[in-house]
1. Looking at the range 1-158 only, what percent of DSSP beta bridges run antiparallel? Nearest 5 please.
2. Please identify, among HIS105, HIS65, HIS186, the residue showing maximal mean-square fluctuation in a Gaussian network model of the chain using a 10 angstrom Cα cutoff.
3. Give me the accessible area per residue for the chain, probe 1.4 Å, as a whole number in Å².
4. Who wins for biggest fluctuation among ALA36, ALA80, ALA131 in a Gaussian network model of the chain, springs between alpha carbons below 10 Å?
5. Calculate the length of the line joining the C-alpha centroid of the range 36-79 to that of the range 154-183, in whole Å.
6. What shape does the range 115-164 have by the C-alpha gyration tensor, where a ≥ b ≥ c are the square roots of the eigenvalues, rounded means a/c under 1.5, and otherwise prolate means a/b greater than b/c and oblate the rest?
7. How much accessible surface does THR6 have with a 1.4 Å probe, in Å² rounded to 10?
8. Using the Cα gyration tensor of the range 1-100, with a ≥ b ≥ c the square roots of its eigenvalues, what is the shape: rounded (a/c below 1.5), prolate (a/b larger than b/c) or oblate (neither)?
Amino acid sequence: HIKQTTAFTNAIAIITSAASGMGQQMCLQAAQRGAARVIGADINEQGLQETQNLAKAQNLNIETHHLDVGNAADIEQFAAQILPTLNNQKLILINNAGVALASGHFEHTDLPDFEWLLNINLWGVIRMTKAFYPYFIAQQQGHIVNISSVLGLAGVSSQSAYCTAKFGVRGFTESLRMELAGTNIHTTCVHPGGVK
């Protein structure tokens, strides 16, 4: 059962990592909750098709777009395509994309692997927010939702790269919250635990 809320009514939701897991479910729930448009983005084309199929089975409309949040040029191109179509509607940006790294302790973690994770889990959030930030400022409304982790609250062994990224997402979001205080632009940092 989906709790009814007005948060998505007449809003446009952009959700990254829409091909599976939490992102896929958030796309479906945003549509169920009355979003005017749901734009799901992911690098996984096959998964995006699955999200589309699930939406169609429920008579929901979800747009899907190929997007690699680890690629700055890809984000710029995506924003350039989407921004002119927002038509002054309220925007909810959910920066959900993330990857994991099974590299063991920091001493065994190669720096290119560490950088790869940061580029997606932290820089992806920063770049996506930066790309759509002028729209939020112009509209003086909207909501930026950044998905961190319980590992953005406490550091643990063998997760140095992941914890670094997720702590960064938390700090970035909290800084934005301070800068946007007094506006109708809201920020939320989410710290999920294990998700099936």
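The values are calculated or read from the model by the stated rules, or taken from the named source; none is laboratory data. Owing to the predicted nature of the structure, the values given are computational and were not obtained by experimental measurement. For the accessible areas, the whole protein counts, side chains as well, though only heavy atoms, and no ligand, DNA or RNA atoms are used. Shrake-Rupley method; radii C 1.70, N 1.55, O 1.52, S 1.80 Å.
1. So the antiparallel bridges amount to about 5 percent of the total.
2. Of HIS105, HIS65, HIS186, the most mobile in the Gaussian network model is HIS105.
3. I get 51 Å² per residue for the chain.
4. It is ALA80.
5. 25 Å
6. It comes out oblate by the Cα gyration axes.
7. The value for THR6 is about 120 Å².
8. Because a/c hits 1.5 or more and a/b fails to exceed b/c, the range 1-100 counts as oblate.
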